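In what follows, a structure is listed as structure tokens, so that the remarks can point back to it.
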Amino acid sequence: MKAIVLALMVWIGVNTDYVMEVPHPTILRATQADLQEKTGGMYGGRHVLGVYMPRTRTVYLDEGVDENTPSGKSTIVHELVHHYQAVSRRAVSNACLFEAEAYSIEDKWRRQNNLPESTTQPGFIFWMGKCVMEHEYVP
């Protein structure tokens with residue numbers, strides 16, 4: 001796993017404006033029950049693939065995420081973006097912007113690895129729906 005995380009961190013450093021030299025996060029496996037608890041039930045029982053906890057700099061991955069597959073690596077890229085956001089202390093006005101950036105960078109990785117973009121993923125659909133509902137559109 002360490003070699004995969006290192007390679008993905010280098011990819012993020014090369015393909016974004018984040019600096020490459022950041023401390024590595026801890027990566028642990030978690031059950032769905034643990035992931036749901038860590039998200040505070042925010043996903044309403046929907047399957048969660050990964051969660052990043054900034055205070056402990058820890059990525060929790062669902063036990064079913066296979067880091068040796070392109071799809072599994074995609075999940076890790078997404079959570080690593082959250083790590084970079086936290087370590088870089090990137091200031092944004094709301095969580096939706098953090099998620100939008102993470103999905104955007106993940107999608108760049110997905111395109112380079114011949115995967116469909118995250119717009120088809122349940123997590124993306126959840127977050128975009130949540131963001132639309134929370135933020136009133138003002139023309």
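The values are calculated or read from the model by the stated rules, or taken from the named source; none is laboratory data. The shown structure was predicted, so the numbers you read here are calculated from the model rather than taken from an experiment. Note that we place each Cβ from the backbone using ideal geometry, even for glycine, and neighbour counts take in every protein chain shown.
Below are the figures for this structure:
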quantity	calculated
Scope segment 71-104; condition out of contact with any Phe, Trp or Tyr (no Cβ under 9 Å at 6 or more places or on another chain) and in contact (Cβ under 8 Å) with a residue 40 or more places away in the chain; matching residues	SER71, ILE76, ASN94
Subset of segment 17-30 that is at pLDDT 95 or above and of a type outside the set (A, V, I, L, M) - its residue that is nearest to ALA86 (Cα to Cα)	PRO25
Any pair with Cβ under 8 angstrom, 6 or more apart, that starts in segment 1-24 at a residue that is among the polar types (S, T, N, Q) and ends at one that is outside any helix (DSSP H, G or I) and surrounded by 11 or more Cβ atoms within 10 Å (Cβ to Cβ)	none
Filtered residue count, segment 83-111, keeping only those that are buried (at least 16 other Cβ atoms within 10 Å of the Cβ), at pLDDT below 80 and either hydroxyl-bearing (Ser, Thr, Tyr) or closer than 22 Å to ILE27 by Cα (or both)	0
The lone exception for GLY41 - which of (1) outside any loop (DSSP other than H, G, I, E, B); (2) over 21 Å from LEU8 (Cβ atoms) it fails	(1)
